[in-house]
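Chemist: I'd like to ask you about the structure that follows.
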2 protein chains.
Amino acid sequence: MPTLRIALAQVNSTVGDLAGNAASVRRWSRAAADSGAHLVAFPEMMLTGYPIEDLVFRDSFVEASRRALTSLAAGLAADGLGELAVVVGYVDADGPARISSDATPGAGRRDASALLHRGEVVATYFKHHLPNYGVFDEDRYFRPGDSLTVVRLGGVDVALTVCEDIWQAGGPFTAARRAGVGLVVNINASPYELNKDDVRLPLVQRRAAEAGATVAYVNMIGGQDELVFDGDSMIVGPDGELLARAGQFTEELLVHDLELPGADAVPNDSGSTDAAKPRVEQEIPQDMAIDRSAVAGDLAPLTDRRDGGVADRVSDEAEVWSALVMGLRDYVDKNGFRSVVLGLSGGIDSAVVAAIAVDALGPERVTGVSLPSGYSSEHSKDDAADMAKRTGLTFRVEPIQPMVDAFLANMTLSGVAVENLQARVRGVILMALSNQDGHLVLTTGNKSELAVGYSTLYGDSVGGFNPLKDVPKSMVWQLARWRNTQGDPPIPENSITKAPSAELRPDQKDSDSLPDYSVLDPIIKGYVDHDLGRDELVAAGNDPALVDRVLRMVDLAEYKRRQSAPGTKISGKAFGRDRRLPITNRFREGGAS
Amino acid sequence: MPTLRIALAQVNSTVGDLAGNAASVRRWSRAAADSGAHLVAFPEMMLTGYPIEDLVFRDSFVEASRRALTSLAAGLAADGLGELAVVVGYVDADGPARISSDATPGAGRRDASALLHRGEVVATYFKHHLPNYGVFDEDRYFRPGDSLTVVRLGGVDVALTVCEDIWQAGGPFTAARRAGVGLVVNINASPYELNKDDVRLPLVQRRAAEAGATVAYVNMIGGQDELVFDGDSMIVGPDGELLARAGQFTEELLVHDLELPGADAVPNDSGSTDAAKPRVEQEIPQDMAIDRSAVAGDLAPLTDRRDGGVADRVSDEAEVWSALVMGLRDYVDKNGFRSVVLGLSGGIDSAVVAAIAVDALGPERVTGVSLPSGYSSEHSKDDAADMAKRTGLTFRVEPIQPMVDAFLANMTLSGVAVENLQARVRGVILMALSNQDGHLVLTTGNKSELAVGYSTLYGDSVGGFNPLKDVPKSMVWQLARWRNTQGDPPIPENSITKAPSAELRPDQKDSDSLPDYSVLDPIIKGYVDHDLGRDELVAAGNDPALVDRVLRMVDLAEYKRRQSAPGTKISGKAFGRDRRLPITNRFREGGAS
């Protein structure tokens, strides 16, 4: 059996940065060639970044992607890397025909994978299964492929597939079995969710069994807007064995030697029967066309053996912390901000955001501002200062009372209008510092308080990025305690242990207005993340009166927030898609509508 | 030939208000019965409102929709309206199985039409063609139907279809020809776009020819969040003749008598050939199942003749103005706001928004606030006061200088930070008035200035609804001039004729920073609405240097805005879907990426 050395390039990509992404492919291809690899695979849409959303409707963008692909092939050859087979994701189109966002859904555009060799595009494959749920809208953007691409490389038949193709039974993987391939390369831009690695491995195993072939699964890493890609690339044998696995949230090249059946040795389903392969229950699409091509030349001989190893998985807290740090770092760096600014109240939320920011950017790029009012306690001011001292971030104090007093002297305000005024003066100060010094403003509201509306629009909601937007309060405390066990503890113990308060009126406590977070968070999770109704939440064991109270709060908060600032939404899940609810919506759980 | 009296109920619906929508169906069914109609048709998703977005993922909501349908059938019978055939849109599902937003796209949910008679649901039909472009995401939400529903009513075979079914050749309309129906009822929630009525009539004509039958097209009216439905309901004969048409933006019942071929008289494609019908070029799906049922009893005899008439179309300005007024009124009323507040600068944008608000709500529900600074000209203050006097809206003056001075005394700010500070103090004042008095804050930035970023985040962008969000500046002037010709002119002539200025620094004019709106707007339209690239815009006759300048401004504005406030987007078209562009996006037209 031929031995193929394969490299999975688990790397970062930036939407729209075709030149930068191509340069990254050339750099990592050099590393792959240096390791002796015969084939290197890059993630889905590596050249364009992912997701490109409505950019796909611009002909100029799609043309730029196609040009970038051909010039990448030439560039690799010019680099002396022509003998390396490079699999890379990009965006293609059926022809020069113009479509617009109003046209038939997805007409013409392709989510594509190409194999480059000796300066040429040897083969292309168009993704079959277009996800259109959760964070995905690909039915809107792409036309599905309908044939399988198989490339013979050093005597081994290699099938190309893209991302969602591996989530669906039948289709390209059963066609790959019929084609008798030895290896399926699956390139991905698969966003992070908590414990998603628990789902991926069994999935890749099922598909390897279906194809009767080894599967090489490569995923992107890095943050892109509201998504984070976590890597978790792997190689799985036809018998389901995990042969090699990369880490999560690490940019790396996973190099592994595979002994693969030569093309002549692999029976395919149109030929002899194959009792050794696992049985496939799905109906096999006998009519899928198979486009075959071949890479010229023989495999370079290997003088050693490479095993990629199997990276360990980490704890939930470590996984979430890494995702938050990477998401923030890439948001800041990819958008070209030099620094961030945030309000430091002395409370747990802003302390955790500050710790994430310092881990992501270093203390010299983080400014924390204490914005005390007449209602701020001494310990609030002290804890904010302590946080700064522990982490080394730049600290400043901007008392808000003179500005608040100017409004109160000139307008007649009372009650919640006065509470909100304080939060909005803080927002104006942070935005003024942003305009003056170029900082990105970080928002610090956690998912629990956002869900129930314990927040001021245009006040503490001001900012471009909120690391805690999808983190429930219970998890905020969990993260803080975990982070404090990793080296020097950045977060003041007092910020973790004291009762949370918004400090917008004397002696205010969260518990005046909200249920305990330990009972609130499960209801929010069921209602917001899992679309459960009132009766289902009660059946799940939550107190009926509490369910009614929380659902009223969430409904009211959501509609008030969106009525007063369309486009402001809470998110369904960590790094997930925002719920898209109608703003005007009179439906109420419990049947009162 | 039997004569069928049909009523098209071109009515409003509110998302989630199942009880209110059902009550509306009963009220309008009473009116239809009083007119002697045999059949009344209501819009798509009349019972649930449209679009329901992620509400569809909640089982409790879908169950509520199904229950509302059966209790509506019973309620109509209890009202003595059991003999009237009522066609109404609602949401159905295949079974009680739970799905979530992460499940296979659209599993189980149906965009449905039902025919109710004598207290029963006689027949249901599930929409075949699910639009997934522009403002539509129906692939995400629904499973497509695969059979045609035909109901015999007084000897006439009537096919049920839903909305997008009429935008696609082939499918249910060719099946209707094969089934030999005399009438196709098509229920819609078709959002308004400028001149959409020019597209609809030829479309209905093509489909009537395809079906070889009369088509009754009924559309919703009213505003729902960022959409407006304009009505434009119509009846078209198999020869393409426009038999009757309702107005735009009017809630009305279009009642019209149709002489239709009895079921026994209509040849169908499985029987004899039919030379009289127009030829159909599309492939006819011979395998589509046809579910037939019948309404019991005979048609009540008619003692007179009813002709619905053909409503005239209005000018572009009248159409847009009606859409803006209806969109604002329904946003305010459906969300339960008693009143609105807006800043009145004396300029054209806020004057036009104030005029729209007064037309929508009456002057007693509109408060205009003059927010002068040290840079505000005398004419600005006078023009704002004049606007109030002309329309009778409530007027107040809140000078911003004391608050601005408090910030400047306590912080060291310069340049654009000081300009933005003024706009943000205005935003804080408007939000304080909103909190204190319960007003909805209206935003007044036009599409041109939003597109190029001539606006302050958390400043003049504050507010829950912006009637001009999708109206280019050129159209703002056009609307102002048009509105001033309709009765007493509400808008001060000076607001229309003076050079536009933000008045954030001495003698500032829009023209200091922006190209003339007459050359700016076409470039924005091409780039934002139509996804044209740089070269296409130049080829269309725009000045190359100007194209480069404007594209840079739009890109910069869009990314700055979204970097600093995710979720803030500009819109592709009037009442259309926002562009969904990646926040981090390094692609630049002209190839510099």
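Chemist: Say the dipole of the protein assembly as shown comes from +1 at the beta carbon of Lys and Arg and -1 at that of Asp and Glu; which of A:F173, A:S13, A:V215 then lies farthest toward its positive end?
Modeler: A:S13
Chemist: Here is a follow-up. What is the calculated FRET efficiency for A:R118 to B:A545, with r their C-beta to C-beta distance and R₀ = 56 Å, to the nearest 0.05?
Modeler: 0.85
Chemist: Find the relative contact order for chain A and round it to a whole percent, using C-alpha pairs within less than 8 Å whose residues are 6+ positions apart.
Modeler: Normalised by residue count, the contact order of chain A is 11 percent.
Chemist: Still on this structure, please answer the following. Can you list, shortest first in nanometers, how far B:V519 lies from the same residue in the other copies, with each label 7 Å from Cα toward Cβ?
Modeler: So the label point of B:V519 gives 6.7 nm to the other copies.
Chemist: Considering only the label points, 7 Å along Cα→Cβ from Cα, what distances in nm to one decimal separate B:V538 from the same position in each other copy, shortest first?
Modeler: 6.7
Chemist: Okay, moving on. Return the tail of the calculated pair distribution for segment B:1-136, meaning the percent of Cα-Cα pairs more than 24 Å apart.
Modeler: Here the long-distance tail beyond 24 Å is 29 percent of all Cα pairs in segment B:1-136.
Chemist: Could you tell me which residue out of B:G463, B:S501, B:P399 lies farthest along the dipole of segment B:316-511 toward its positive end? Charges go on the beta carbon: Lys and Arg +1, Asp and Glu -1, centred on the Cα centre.
Modeler: B:G463
Chemist: Just tell me how shielded B:334-344 is by partners: mean number of partner chain Cβ atoms within 10 Å of each residue's Cβ, no decimals.
Modeler: Per residue, the average neighbour count from other chains is 2.
Chemist: Please name which of A:G80, B:Q422, A:V332 has its Cα lying farthest along the dipole of the protein assembly as shown towards the positive end, using unit charges on Cβ (Lys, Arg +1; Asp, Glu -1) and the Cα centre as origin.
Modeler: B:Q422
Chemist: Using the C-alpha gyration tensor of the protein assembly as shown, what are the square roots of 5 times its eigenvalues, in whole angstrom, with the largest one first?
Modeler: Working through the eigenvalues yields semi-axes of 46, 44, 29 Å.
Chemist: Quick check on the exposure proxy: order B:L115, A:L344 from fewest to most C-beta atoms within 10 angstrom.
Modeler: In increasing order of surrounding Cβ atoms, one gets B:L115, A:L344.
Chemist: Quick check for segment A:316-511: number of Lys pairs with alpha-carbon distance under 27 Å, counting only pairs 8 or more apart or on different chains?
Modeler: 21
Chemist: Using a 7 Å offset from the Cα along the Cα-to-Cβ direction at both B:S511 and A:A265, what is the distance between the two label points in nm, to one decimal?
Modeler: Computed distance between label sites B:S511 and A:A265 equals 8.0 nm.
Chemist: While we're looking at this one, here's another question. By how many degrees, between 0 and 90 and to the nearest 10, does the Cα long axis of helix B:378-391 differ from the longest principal axis of chain B?
Modeler: The angle comes out near 30 degrees.
Chemist: Sort largest first and round to whole Å: the equivalent ellipsoid semi-axes of segment B:316-511, each the square root of five times a Cα gyration tensor eigenvalue.
Modeler: Square roots of five times the eigenvalues give 26, 19, 15 Å.
Chemist: Please determine, in degrees from 0 to 90 and to the nearest 10, the orientation of helix B:59-78 with respect to the longest principal axis defined by the Cα atoms of chain B, where the helix direction is its Cα long axis.
Modeler: In chain B, helix B:59-78 runs at an angle near 60 degrees to the longest axis.
Chemist: Moving on to the next point. Given a Förster radius of 41 Å and the C-beta distance between A:T250 and A:D298 as r, what FRET efficiency does 1/(1 + (r/R0)^6) yield to the nearest 0.05?
Modeler: 0.80
Chemist: Right, here's the next one. How long are the semi-axes of the equivalent ellipsoid of segment B:403-532, taking √(5λ) for every eigenvalue λ of the Cα gyration tensor, in whole Å from largest down?
Modeler: Its equivalent ellipsoid spans semi-axes of 27, 20, 16 Å.
Chemist: About its Cα centre, how strong a charge dipole does chain A have in debye, to the nearest 20, once Lys and Arg get +1 and Asp and Glu get -1 at the Cβ?
Modeler: In total the dipole reaches around 960 debye.
Chemist: Using Cα pairs closer than 8 Å and at least 6 residues apart in sequence, work out the relative contact order for segment B:316-511, in percent.
Modeler: Relative contact order for segment B:316-511 comes out at 25 percent.
Chemist: What's the longest piece of chain B with no exposed GluC sites (Glu not before Pro), counting a site as exposed if DSSP puts it in a loop and it has at most 14 other beta carbons within 10 Å?
Modeler: Segment B:284-593 is the longest.
Chemist: Kindly provide the helix-only [θ] at 222 nm of chain A, computed as the sum of -39,500 (n - 2.57) over DSSP H runs of four or more divided by all residues, to the nearest 500 deg cm²/dmol?
Modeler: -10500 deg cm²/dmol
Chemist: Here's something else I'd like to know. Report, to the nearest 10°, how far helix B:544-564 tilts away from the longest principal axis of the Cα atoms in chain B, using its own Cα long axis and a range of 0 to 90°.
Modeler: Helix B:544-564 and the main axis of chain B meet at about 90 degrees.
Chemist: At A:A19, label 7 Å along Cα→Cβ: distances to the other copies, nm, ascending?
Modeler: 6.3
Chemist: Right, next: Please give the charge dipole size of the protein assembly as shown, origin at the Cα centre, charges +1 on K and R Cβ atoms and -1 on D and E Cβ atoms. Round to the nearest 20 debye.
Modeler: Here the protein assembly as shown has a charge dipole of around 1000 debye.
Chemist: Three principal axis extents, largest first, for the C-alpha atoms of segment A:301-356, in Å?
Modeler: Largest first, segment A:301-356 extends 60, 30, 10 Å along its Cα principal axes.
Chemist: Here's a follow-up. Would you please calculate the Kirkwood hydrodynamic radius of chain B over all C-alpha pairs and express it in Å, rounded to one decimal?
Modeler: Here the Kirkwood hydrodynamic radius works out to 26.1 Å.
Laboratory data are not the source of any read-out in this text; all were calculated from the coordinates shown. The shown structure was predicted, so the numbers you read here are calculated from the model rather than taken from an experiment. We place every Cβ from the backbone using ideal geometry, glycine too, and count neighbours over all the protein chains shown.
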